Amino acid sequence: MKSTQPQKKVGGITANSFMRPIIAILAVLDIAIIGMFLQINSGASRLSTVMTNVGVYIGEANSLLAGVSLLNQTAANFVLVPVKKTGEFNAAPLTVYANTLSRHRRGSDVLERFRDYEVSEKARSYLSAAARDADRMTDIQLHALALVNAVHPFPGTASLNQLPLPALQNTDKALSDADKLEKARRLVLDSYEDLDMFSVSRNVTACVQEIRNDASAQAGAAGKRVAILRTGLWIATILITVILVITFMILYKQMINPLTGFVRLIASNQFLDEKEGMREVRQVASAYNNLEKRREALRSVAETDTLTNLPNRYRFEKYILSAGDSGYSLAILMFDINYLKETNDTLGHSAGDELIQKVAHCISSCFGENSFRIGGDEFVAVIKDCEREKIQQMIDRFEETARSENVSVSLGYSYTEEIGDTPLQEMIDEADKQMYVQKQEAHKNINQYFLRTV
């Protein structure tokens with residue numbers, strides 16, 4: 001049953017009001033830490049991608065320079081010596097030139113791939129200039145090869161057939177074979193003398209440097225960002241550690257320490273301090289103190305029969321448990337009121353209650369304070385350190401008192417000179433058995449009892 005008594009107010013801060021802001025702060029810091037970790041990982045991943053791409057971009061740019069260099073070298077080697085001294089066609093450098101040209105390593109091809117790359121416009125402009133020079137050099141080389149082909153026709157191999165040789169103009173066609181070869185040599189050599197190759201190299205080098213500068217700038221920015229984020233992580237971690245330490249110290253002082261003291265006070269049956277700790281701890285102390293105060297008041301009620309003021313069955317069971325030591329005699333007497341039901345049915349429950357009270361008075365007056373009411377019409381008395389003859393005298397006096405009070409009570413008892421020799425339950429069963437025999441005899445004379453009562 002829920003108590004309707006108002007709860008006593010106690011002071012102190014509540015655990016919820018203390019913990020909620022701390023939990024909120026820790027949650028915010030945790031979210032911040034997770035966010036910073038994600039940003040650091042994202043930055044690192046981005047930086048790794050940038051550095052990987054830089055290698056790809058530089059490799060592509062250098063491939064343009066390498067392709068131009070190889071085309072120049074192989075074209076010059078062929079144009080200067082189209083036919084060996086033995087009269088054999090010098091196909092090797094021409095074949096290399098054709099294969100190199102077919103691999104799409106010319107300037108315009110590399111520039112086209114750079115359109116999808118993440119490079120600055122400045123780097124792209126350098127590469128565009130290099131590509132234009134490279135393509136111009138390739139066109140000059142093919143013109144020179146076409147002049148040589150007019151004098152020394154190329155073998156019909158698959159690679160050579162794919163060379164995009166330009167058609168000769170009439171002025172070229174009108175030249176003699178010696179002039180055609182001389183013009184071819186001059187075209188190839190002029191590509192070096194006009195510094196076309198060095199222009200390509202210079203622009204490619206500038207493009208590569210610009211790419212590296214961009215990568216360095218991105219790496220520096222990413223490094224600064226990571227440094228800031230790491231500082232934030234350290235600050236957040238230190239804050240969490242400080243908050244947890246302070247929280248633990250407060251909780252220890254306001255909860256754990258008072259509760260530890262409560263255990264010690266409860267063990268010594270002392271009242272608890274209601275002015276120490278958080279509100280919940282103080283409420284526990286207040287509730288315990290109130291319970292302790294009421295326990296003493298309720299104990300007598302819980303262990304006392306309200307109708308007869310005799311100890312009840314609970315008190316009897318506690319008492320009998322402590323009566324098992326050896327070294328003394330013991331008698332257990334069981335009583336049962338005769339005709340209680342009939343009295344309630346014929347004269348009413350008030351008459352039945354009066355009968356119970358009379359019997360209780362007779363028992364307690366004859367057998368002392370260790371008399372108990374253990375049921376509606378059942379009583380028991382326990383007597384220690386008493387001889388059998390003395391027990392019989394007490395029984396005789398009880399029966400005389402019962403007759404004088406005009407009550408009928410069945411009685412049975414068991415006795416032992418040494419309590420350690422006989423189990424208590426056997427003694428209780430024996431006394432109950434004797435009492436039941438008397439009760440059967442009493443009910444044979446029920447009519448005589450009621451005639452005498454009336």
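The values are calculated or read from the model by the stated rules, or taken from the named source; none is laboratory data. In this text the structure is predicted, and so the values were computed from the model without any measurement. Here the Cβ positions follow ideal geometry from the backbone for every residue, glycine too, while neighbour counts run over all protein chains shown. Each accessible area value is taken on the protein alone, full model and side chains, heavy atoms only, with ligands, DNA and RNA left out. Shrake-Rupley method; radii C 1.70, N 1.55, O 1.52, S 1.80 Å.
Quick notes on this structure:
- Note on region 102-173: along the principal axes its Cα atoms extend 47, 29, 12 Å, ordered by decreasing extent.
- The Cα-based radius of gyration of region 169-260, divided by its Kirkwood radius, gives an Rg/Rh of 1.78.
- Expressed in Å, the radius of gyration and Dmax of the Cα atoms of the chain are 58.8, 171.
- Phi-derived couplings, Karplus 6.51 cos²θ - 1.76 cosθ + 1.60 at θ = phi - 60°, listed residue by residue for region 350-355: 5, 5, x, 5, 5, 4 Hz, with x used for Gly and Pro.
- Using the Cα coordinates of region 203-353, the gyration tensor eigenvalues translate into equivalent-ellipsoid semi-axes of 83, 20, 17 Å, sorted from longest to shortest.
- From most to least packed by mean Cβ count within 10 Å, the peptides 76-83, 33-40 give 76-83, 33-40.
- Based on C-alpha pairs under 8 angstrom that are at least 6 apart in sequence, region 120-252 has a relative contact order of 39 percent.
- Heavy-atom accessible surface of region 236-316, averaged per residue, reaches 65 Å², computed with a 1.4 Å probe.
- Estimated FRET transfer efficiency when R0 is 35 angstrom, pair Asn289-Asn41 (beta carbons, to 0.05): 0.05
- Per-residue extension of 0.36 nm, minus the Cα-Cα distance of Leu175 and Ile23, leaves a gain of 45.3 nm for this segment.
- Once the Cβ-Cβ distance of Glu280 and Leu239 is raised to the sixth power relative to R0 = 35 Å, the FRET efficiency obtained is 0.85.
- Kirkwood hydrodynamic radius of region 209-283, Cα pairs, Å: 16.8
- Degrees separating the helix 121-151 axis from the principal Cα axis of the chain, which is the longest one: 40
- Between Val56 and Asp135, the modelled label-to-label distance comes to 2.4 nm, taking each label 7 Å out from Cα in the direction of the beta carbon.
- Distance between the pseudo-spin-label points of Ile34 and Val226 (7 Å out from Cα toward the beta carbon): 2.4 nm.
- For a straight C-alpha distance cut-off of 29 angstrom, the lysines reachable from Lys390 (same-chain residues fewer than eight places away being disregarded) are Lys318, Lys358, Lys433, Lys439.
- Linear extension gain, Ser69 paired with Glu317, 0.36 nm per residue minus alpha-carbon span: 77.9 nm
- Cα-based reach from Lys84 at 28 Å (exclusive), listing lysines while leaving out same-chain residues under 8 positions away: Lys173, Lys180, Lys183
- Region 40-177: relative contact order in percent, alpha carbon pairs under 8 Å with at least 6 residues between: 25
- For Ser329, distant residues with modelled amide H under 5 Å away: Asp385, Cys386
- Rounded to the nearest whole Hz, the Karplus-based 3J(HN,Hα) values (6.51 cos²θ - 1.76 cosθ + 1.60, θ = phi - 60°) of region 417-422 follow the sequence 7, 9, 4, x, 8, 10, with x at glycine and proline.
- Computed across region 1-144, the Kirkwood hydrodynamic radius from all distinct Cα-Cα pairs reaches 21.5 Å.
- For region 265-408, the fraction of alpha-carbon pairs in successive 5 Å shells from zero, as %: 2, 9, 14, 15, 14, 11, 9, 7, 6, 6, 4, 2, 1, 0
- Rel. contact order, % - alpha carbon contacts under 8 angstrom, at least six apart, the chain: 14
- When the chain is described by a simple charge dipole with +1 on each Lys and Arg Cβ and -1 on each Asp and Glu Cβ, the residue from Leu147, Val204, Asn77 located farthest towards its positive end is Leu147.
- Mean residue ellipticity (222 nm) of the chain, computed from DSSP H runs ≥ 4 via -39,500 (n - 2.57), nearest 500: -24000 deg cm²/dmol
- Alpha carbon convex hull of region 285-362, volume per residue in cubic angstrom: 137
- Taking 7 Å steps out from each Cα toward its Cβ at His152 and Asp429 produces label points 13.3 nm apart.
- Hydrodynamic radius of region 327-438 per Kirkwood, over alpha carbon pairs, in Å: 14.3
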